[in-house]
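Written out below as structure tokens is the structure these notes cover.
Throughout, read-outs are computed from the coordinates displayed, never taken from laboratory work. Worth saying up front: this structure is predicted, and the values here are computed from it rather than measured. In this analysis, Cβ positions are derived from the backbone assuming ideal geometry, glycine residues included, and neighbour counts consider all displayed protein chains.
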Amino acid sequence: MSDRKTFVIVGGGLAGAKAAETLRGEGFDGRIVLVAAESRLPYERPPLSKGYLAGDSTLAEAQVHDDDFYSAHDVDLLRGARATGLETEAHRVALSDGQELTYDRLLIATGAVPRRPAIPGSHGDGVHVLRSVADADVLRSALSGGGRLIVVGAGWIGCEVAATARGLGADVTVIERGLVPLERVLGPRLGEFFADLHRSHGVDVLPNCRVDRIDSRSVHLADGRAIEGDAVLLGVGVAPATELAASGGLDVADGIVVDELLRASAADVLAAGDVASALHPRYARHVRVEHWDNAHAQGVAAARSMLGAGTPYAKLPYFFSDQYDLGLEYVGLHDPRDELVIRGSLDEARFQAFWIAADGTVSAGMHVNDWDAIGPIRTLVENRATVTAEDLGDPDLPVAAADSGQRGA
Ligand code: FAD
């Protein structure tokens with residue numbers, strides 16, 4: 001009998017594909033099986049709400065690896081195959097086509113699925129979600145003639161699609177439950193900035209709305225208003241794809257619960273990317289991050305753990321977004337009660353924002369259209385710099401000099 005080990009990766013997204021690449025890169029010479037429910041080669045999702053949706057970039061540009069990568073690296077990529085059952089004692093995964101795979105190590109990188117609100121009509125004709133290339137293709141053809149798009153939910157996906165749809169000539173209405181877009185992530189002041197941004201591009205932003213039902217592509221609000229549209233996009237968040245983990249009895253709580261080495265509650269099973277709720281050394285609690293950088297870095301980290309060479313995953317959460325001609329990057333994790341400090345001009349749409357925690361340290365920072373800023377911002381957050389709002393907001397003081405610890409050194 002062969003003693004060649006088999007490592008199975010379920011989920012052919014960014015995290016799964018990076019894990020396969022890393023296993024080979026680190027010299028693993030056993031069998032790698034990558035189980036991918038989608039029929040396409042693993043691809044990156046950020047372009048789906050931006051350049052790909054706009055028709056400015058191709059799917060080939062979004063692929064994690066080129067067409068030959070998987071065969072050239074002896075990765076057994078099972079496209080269109082869904083893992084449906086897990087037996088952790090037996091180290092076995094069942095696939096939808098009846099096949100069974102026995103693993104020495106298993107990585108679950110199944111990502112997340114869009115939520116559909118529990119309201120009548122949310123599965124109706126012309127009501128879209130956006131997660132996959134297939135979703136993007138359908139949405140793009142719905143927008144091809146311009147028309148009227150109603151976006152329900154002003155989170156990242158909703159805001160990006162609103163911007164792209166405006167670029168395609170659609171009339172766009174954004175319906176938001178909160179008072180401003182992105183309020184949950186960025187708070188009311190920056191949310192107002194994004195409301196103004198979208199309004200200045202002709203988007204009708206309707207805050208404080210409850211959707212009652214969707215009917216014939218029209219959205220009916222609880223206050224009696226009806227918004228008429230030709231297509232509806234639901235951008236109300238995603239849920240981690242935990243069914244496989246649950247079928248194997250793994251600990252699941254808003255994602256697959258994993259330790260600092262990304263190991264789940266059963267031996268030889270790991271999780272990475274959007275689906276993983278990982279114990280983060282800095283925050284001393286489990287954190288689940290739904291962003292590109294995390295999927296990329298955790299795919300690499302999980303592969304190293306599978307090889308027994310893992311180190312605690314301690315990377316700061318980071319994300320980016322593009323809307324119209326605005327780009328932003330954010331690093332860290334702030335509490336809504338942290339103090340917001342703006343450096344630069346909201347009016348000119350070029351600024352930095354920082355959040356200061358109750359203990360005076362920088363918990364997070366971001367920039368808008370200030371592309372050289374992210375390095376110094378990251379350093380402040382990484383170092384848990386102690387700052388005052390006055391120093392940090394002073395445009396004449398270099399960001400690094402706001403760190404009173406460094407100044408005293
Ligand atoms: P996924 O990319 O979701 O991949 C998981 C894969 O597993 C999927 O292909 C799924 O079909 C497959 N799968 C699920 N269950 C099974 C199963 N049982 N068997 C087999 N296969 C299975 N992040 C940013 O930081 N910036 C951005 O600008 C940004 N833009 C985005 C735009 C869009 C439209 C979307 C959808 C996401 C965006 N993100 C962005 C988030 C980022 O793309 C995700 O964090 C990232 O894709 C997560 O990667 P993943 O590998 O964990 O999961």
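About the Cα centre of the range 257-321, how large is the charge dipole given +1 on each Lys and Arg Cβ and -1 on each Asp and Glu Cβ? Please answer in debye to the nearest 20. The partial results should precede the final answer.
Working: 6 positive and 6 negative charges, 33 e Å.
Dipole size: approximately 160 debye.
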Fill in the blank from the handout: Here D for the range 87-137, in µm²/s, from Stokes-Einstein with a Kirkwood Rh over Cα pairs at 37 °C and 0.692 mPa s, works out to 226
Problem - Inter-site label distance for A357 and Q99 at 7 Å from Cα along Cβ, in nm - result: 4.6
Practice task
With a point put 7 Å past each Cα toward its Cβ, work out how far S200 is from S141 in nm, to one decimal.
Solution key: 3.7
Handout entry: DSSP bridge pairs, the chain: antiparallel proportion in percent, nearest 5
Key = 60
Fill in the blank from the handout: Note on the range 127-234: alpha-carbon gyration tensor, axes a ≥ b ≥ c; rule is a/c under 1.5 for rounded, else prolate if a/b larger than b/c, else oblate; result oblate
Exercise for the section: Just report the Cα centroid separation between the range 118-172 and the range 249-288, whole Å. Expected result: 32
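R92 to D396: FRET efficiency via 1/(1 + (r/R0)^6), r the Cβ-Cβ distance, R0 51 Å, to the nearest 0.05?
The calculated FRET efficiency here is 0.20.
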Practice task
Binning at 5 Å from 0, report for the range 297-409 what percent of all alpha-carbon pair distances ends up in each bin.
Solution key: 2, 12, 20, 21, 17, 12, 8, 6, 3, 1, 0
Problem - Ordering of 187-198, 246-257, 112-123 by burial proxy (mean other Cβ atoms within 10 Å per residue, highest first) - result: 187-198, 246-257, 112-123
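For the pair S265 and D74, what calculated FRET efficiency results from E = 1/(1 + (r/R0)^6), where r is the Cβ-Cβ distance and R0 = 41 Å, to the nearest 0.05?
Values: r = 31 Å, r/R0 = 0.75.
Rounded to the nearest 0.05, the efficiency is 0.85.
For the range 45-146, what mean projected area does the convex hull of the alpha carbons give, in nm²?
Details: hull surface 38.3 nm².
Averaged projected area of the range 45-146's Cα convex hull equals 9.6 nm².
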Problem - Residues D254 and A389, FRET efficiency given R0 of 30 Å [Cβ-Cβ distance, rounded to 0.05] - result: 0.40
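Using a simple charge model, +1 on the beta-carbon of Lys and Arg, -1 on the beta-carbon of Asp and Glu, nothing else, what dipole does the chain show about its Cα centre, in debye to the nearest 20?
Values: 38 positive and 59 negative charges, 136 e Å.
Computed charge dipole of the chain: roughly 660 debye.
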Completion exercise
For the chain the translational diffusion coefficient, Stokes-Einstein from a Kirkwood Rh over Cα pairs at 4 °C and viscosity 1.567 mPa s, in µm²/s, is roughly 57
Handout entry: For the chain, calculated [θ]222 nm from helices alone, where every DSSP H run of n ≥ 4 adds -39500 (n - 2.57)
Key = -7000 deg cm²/dmol
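Can you compute the charge dipole magnitude of the range 325-407 about its Cα centre, using +1 on each Lys and Arg Cβ and -1 on each Asp and Glu Cβ, nothing else charged? Give it in debye, rounded to the nearest 20. Please list the in-between numbers first.
Numbers: 6 positive and 16 negative charges, 49 e Å.
Dipole about the Cα centre, nearest 20: 240 debye.
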Handout entry: Fraction of antiparallel bridges per DSSP, the range 106-243 only, in percent to nearest 5
Key = 40
Practice task
Pull up the cross-link candidates among the lysines for K5, meaning alpha carbon to alpha carbon under 29 Å and not fewer than 8 places away within one chain.
Solution key: K18
Practice task
Order the peptides 272-278, 66-72, 379-385 from the highest to the lowest mean number of other Cβ atoms within 10 Å of their residues.
Solution key: 272-278, 379-385, 66-72
Completion exercise
R282 and D56 label points (each 7 Å along its Cα→Cβ direction) are spaced in nm at 3.0
Fill in the blank from the handout: Residue ranges of DSSP H helices in the chain that stretch 24 Å or more (Cα, own long axis) and have mean Kyte-Doolittle hydropathy of at least 0.0 are none
